[in-house]
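Have a look at the structure below, then the notes.
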Amino acid sequence: MNSKRIVFLLLAVIVAGTTAFLARAWMQSERAAILAQAQSGVSRAQPAVVNKVLVAKTTIRTGHIVKPDDMRWQVWPAGDLAQAYVIEGKRPLTDFVGAVARGSIGAGEPITETKLVLVGTRGFMSAVLQPGMRAVSVAVSATSAVSGFIYAGDRVDVLLTHTLANQQGWQHKATETILRNARVIAMDQKVDAAPTDKPDVAKTATLELTPKQTEIITLAVKMGDLSLVLRSLQENADSDSATTEDAPAEPGDSYTRDVQVSRLIADGPGPQQTTHVVLVLRGGSQSKQTLDDGNGDGDGDETKPAENKTQRTTTFTRTPSVSP
């Protein structure tokens, strides 16, 4: 065997050994990488997309004006995601604040446009009203509407201030509560129950009343000045909210007259006094004398009758004697 063949054989053996060693090392490194990935729990798959759907935080009843606290975002499975659901990021929650529920929405149930009557849409005001109730608007000012601190959804008492008069001509002022616990469903054209940063003084307030109470309010506007008195939210919180919020307004049962406010105001005219005026004729002269019923000084001549007194005049004639 010549030397050239021996050299080629040695080179072939060296190349084969090196290739086998490299292949074995590569396989070991791949196996170790696979084992490490399996132990760490790292997956090469893409992370799942998390969707949040707008749902009711608590039960929303029919006709309820939706507030921000009535809704929340909830994680929802992608496989059960309906097209009508409101997804976070595609539409803000504020779009549904102030809307009215067409029907009852349970807690955790997705909120959709078909379940609400949005603000400004047709039929919104009729959806706000409870069955059998009516909407009536009254003019208000900063003074009569608590300086703009009354919003839709609040409860108020309605006060009427007017003038009382009788046939004798005397007048008195009086304020009476004609309605209690009336629900405000709108201030001007705003039905958003959420207060703003600054008080908003409205010009009209829309109240939810029974048919008879709408007649009372309509007549009261012609009789005098109306004022709205804001009621505390704690009154509703202390009682059953399911019945308090839907309860109609109650009739008023109290009043205050001006004589109860100021002791300087007389309660009507004083009692009438009868004054007698006697006309005495002496020849060609005459004189008057006033006779009171024990309350005046009836001994003066030419006395002028006081106000609120009934005057009676009696004439006596003295004929001068004629000598025979």
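Bear in mind these aren't lab numbers, they're just calculated from the coordinates by the rules spelled out. What you see is a predicted model; the values in this text were computed from it and never measured.
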Quiz item: Which semi-axes, in whole Å and largest first, does the equivalent ellipsoid of the range 51-124 have when worked out from the alpha carbon gyration tensor as the square roots of 5 times its eigenvalues?
Solution: 20, 13, 11
Quiz item: Mind checking the log10 I(q)/I(0) for the range 95-174 at q = 0.20, 0.22, 0.25 Å⁻¹? Debye, one equal scatterer per Cα, no solvent, two decimals.
Solution: -1.06, -1.15, -1.25
Self-check item: Computed Kirkwood radius, in angstrom, where 1/r is averaged over Cα pairs of the range 1-133
Solution: 20.6 Å
